[in-house]
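Down below is the structure, laid out as structure tokens.
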Amino acid sequence: MTLIGWAQIALILSLVFIAAVPLGRYIAAVLAGDVRWLRPAERGFYAVAGVDPDRPMSWKPYAVGLIVLNALHFLLLYAMLRLQWYLPLNPQGITGMSPQLAFNTAMSFVTNTNWQAYAGEQALSYGSQMWGLTVHNFLSAATGIAAAGAVARAFAGSGLQSLGNVWADITRITLYVLLPLSIAAAVVLILCGVPQTLGASVEATTLEGAKQVIARGPVAFQEAIKLIGTNGGGFFNANSAHPFENPNALSDLVETWCEIIVPFALAIAFGYIVGDRRQGFALFWTMTAIMVAFIALAYAAEGAGNPLLTAAGVDPALGNLEGKEVRFGIPLSILFAVTTTVTSCGAVIAMHDSLTPLAGAVPIFMMQLGEIVPGGVGSGLYGMIVFALLAVFVAGLMVGRTPEYLGKKVQAKEVKLAMLAVLILPFCILAGTAWAINTTSGTGSLANAGPHGLSEMLYAWTSATANNGSAFAGLSADTKLLDYGLGAAMLLGRFAFMVPVLAIAGSLAAKPKLPASAGTFPTDGPLFIGLLTGVILILGGLQYLPALTLGPIVEHFAMTGGKVF
């Protein structure tokens, strides 16, 4: 690790933290419908759809609205991917995807996962990239933020019967938050050299005289929303490691900023929505503390280098540069690897498969925590609130008192629903990994044997269930087992978690908001931040440490002992 490396990391994080406060306040105003000077822009959409934006919705119709909307869009995207050959804007002449790959891809983009079992520049036409994937990058991100806003409203008052209007929330989030941020980011990326064109691929002559086809397309705008919406699906197979997606240091700074700014801003927005900014900052600093700690762990592991490569004669002074862009080096590669997995982004500028074992364990564990530090857009906030409820439940057990959070009593119903949501992830991740590695198809997809092979499969099921989409890159994922299996994990990881959380919100919203008393556990100070951090890490460790021990941890000790698998 170097001082310059830490300075680079600190610069980017500082820019995020500075912008998070005003953006969080603005998002809270959008969710409250207070940005009235923008209202005329949305009226036309309501008129066409026949929607009354002021109609209140309890948690059940709100959840049904989100599920039905995303189900319809899944079917539309599946059909588009199967019928690409017949759609316009296809200068490459790309045919449709197979049924299994179309299912996996459609489920991936609808659930904000953006797992890619295909090479984007070879498998998708320009029309599919724009009308299919880019549209769903907006929709899936707006779905997460809408759900988070509904959950936040549950704590805003007493005896509430409404969590808002799902159609108004989706419309306003898209028009007033995601679209402006994406346009601004796209313009900056275009100025950095990212292409935005409908022109076909071009043919170039290499220095050796050979012919090379160079793919291009409408990249910049998709790149912007893939990061702003913590989606992660790249236009090119190499994702943000491709020079057309991420050409220089400035574009890398912008892209790293984009993938974590909205999740951090939503924590601030939570404080404004509930009427107590300190509550939002308590979640904000919990997210920050865990993220920075794991950045330090991963940076230390990569900076120490690989002793096996050192023994082979590779200079260890620069650390482990295998699988990394020399344009960005270890510090920015590690920062991007951690920020993309503490969110549900999944974009990469370095191959996670080439990280040292402990550094590789960090992205896996960050996703296994539920991607709540700060998590995906929306999903990170409502996931963190679930852990906050569990933290006050633990505090209540310590003192023999019914737990409260923001004036709402947390009783058996809410705790059961919270545990139902939390247990969805380990069930899909651990059961899915165990099932896959006990099949011929599953083991045949692995590029490595031993603990690293287990890490590849564990990473895939973790990434799918946590709706992240990144991979260890050593896995051949386009098989029936993984296309359908991981697709099912994406669906459960998204909606089997979201629906119980909305049910919790509906239950809490209807309860009276109690004034603080002498026995109220404060949830806006260092004590709560420490308790919440402990609950997150201990629960994550109890669920996943055995699997991590068999994968990256045993591989670490093998590496330091000079053994190669």
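The values are calculated or read from the model by the stated rules, or taken from the named source; none is laboratory data. Note that the structure is a prediction, hence the values are computed from the model and not measured. Cβ atoms come from the backbone with ideal geometry, glycine included; neighbour counts cover every protein chain shown.
Quickly run through region 530-565 and pick out the residues that are touching a residue at least 12 places away in the same chain (Cβ under 8 Å), over 30 Å from Phe281 (Cα atoms) and of a type in the set (S, T, N, Q). Matches in region 530-565: Thr560 only.
So, in region 313-334, of the ones that are of a type in the set (Gly, Ala, Ser) and not in a loop (DSSP other than H, G, I, E, B), which residue ends up modelled with the lowest pLDDT? Checking each candidate, the answer is Ala317. Looking across Leu381, Leu358, one residue alone is surrounded by fewer than 24 Cβ atoms within 10 Å (Cβ to Cβ) and in a helix (DSSP H, G or I). It is Leu358.
Residue-by-condition table, conditions (1) closer than 23 Å to Asn70 by Cα; (2) of a type in the set (D, E, K, R):
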residue: Pro403; (1), (2): no, no
residue: Lys413; (1), (2): no, yes
residue: Ile424; (1), (2): yes, no
residue: Ala466; (1), (2): yes, no
residue: Ser476; (1), (2): no, no
residue: Leu481; (1), (2): no, no
residue: Phe497; (1), (2): yes, no
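A quick yes/no check of all residues on (1) farther than 28 Å from Ala391 by Cα; (2) of a type in the set (D, E, K, R); (3) buried (at least 22 other Cβ atoms within 10 Å of the Cβ); (4) in the same structural domain as Tyr405 (by TED's automatic domain parsing):
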site: Val292; (1), (2), (3), (4): no, no, no, yes
site: Ala300; (1), (2), (3), (4): yes, no, no, yes
site: Leu308; (1), (2), (3), (4): yes, no, no, yes
site: Ala311; (1), (2), (3), (4): yes, no, no, yes
site: Leu321; (1), (2), (3), (4): yes, no, no, yes
site: Arg327; (1), (2), (3), (4): yes, yes, no, yes
site: Leu332; (1), (2), (3), (4): yes, no, yes, yes
site: Val338; (1), (2), (3), (4): no, no, yes, yes
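Could you say whether any residue in region 509-521 is part of a helix (DSSP H, G or I) and within 22 Å of Ala391 (Cβ to Cβ)? Checking region 509-521: at least one residue is part of a helix (DSSP H, G or I) and within 22 Å of Ala391 (Cβ to Cβ). List the number of the failed condition for Gly376; all other conditions in (1) crowded, with 24+ Cβ neighbours inside 10 Å; (2) assigned to a helix (DSSP H, G or I) hold. Failing condition for Gly376: (2).
Here Leu446 fits the description: in contact with a Ser or Thr (Cβ under 9 Å, 6 or more places away or on another chain) and over 15 Å from Gln368 (Cα atoms).
Considering only region 46-98, how many residues are of a type in the set (Ser, Thr, Tyr) and touching a Pro at 6+ places or on another chain (Cβ under 8 Å)?
The qualifying residues number 1.
Answer yes or no as to whether Met559 is part of a helix (DSSP H, G or I), over 30 Å from Arg277 (Cα atoms) and aliphatic (A, V, I, L, M). Yes: the conditions hold for Met559. Taking first residues from region 439-462 that are on the phi > 0 side of the Ramachandran plot and partners that are surrounded by fewer than 16 Cβ atoms within 10 Å (Cβ to Cβ), the Cβ contacts under 6 Å between residues at least 6 apart in sequence or on separate chains come to Gly450/Phe565. Please enumerate the residues belonging to region 28-55 that are over 28 Å from Phe264 (Cα atoms) and either touching a Leu at 6+ places or on another chain (Cβ under 9 Å) or outside any loop (DSSP other than H, G, I, E, B) (or both). Within region 28-55, Pro40, Arg43, Gly44, Phe45, Tyr46, Ala47, Val48, Ala49 qualify.
Only one of the numbered conditions (1) under 30 Å from Ala505 (Cα atoms); (2) in a loop (DSSP other than H, G, I, E, B); (3) polar (S, T, N, Q) is violated by Ser108, and that is (2). Out of the residues in region 47-102 meeting the condition of being surrounded by fewer than 18 Cβ atoms within 10 Å (Cβ to Cβ), touching a residue at least 12 places away in the same chain (Cβ under 8 Å) and among the β-branched types (Val, Ile, Thr), tell me which one is farthest from Gly487 (Cα to Cα). Here the residue is Val51.
Against the definition (crowded, with 21+ Cβ neighbours inside 10 Å and without any contact (Cβ under 8 Å) to a residue 40 or more places away in the chain), how does Ala168 come out, yes or no?
So Ala168 fails the test.
Just one residue in the set Ile295, Ile273, Ile268, Ile290 is under 17 Å from Val348 (Cα atoms) and out of contact with any Asp or Glu (no Cβ under 8 Å at 6 or more places or on another chain); that residue is Ile295.
Could you tell me whether Pro552 is part of a helix (DSSP H, G or I), buried (at least 18 other Cβ atoms within 10 Å of the Cβ) and assigned by TED's automatic domain parsing to the domain that holds Glu404? Show your work before the answer.
Values: part of a helix (DSSP H, G or I): yes; buried (at least 18 other Cβ atoms within 10 Å of the Cβ): yes; assigned by TED's automatic domain parsing to the domain that holds Glu404: yes.
Yes, satisfied.
Quick check: is even one residue across region 97-104 among the polar types (S, T, N, Q) and at positive phi? The answer is no, given that none of the residues of region 97-104 is among the polar types (S, T, N, Q) and at positive phi.
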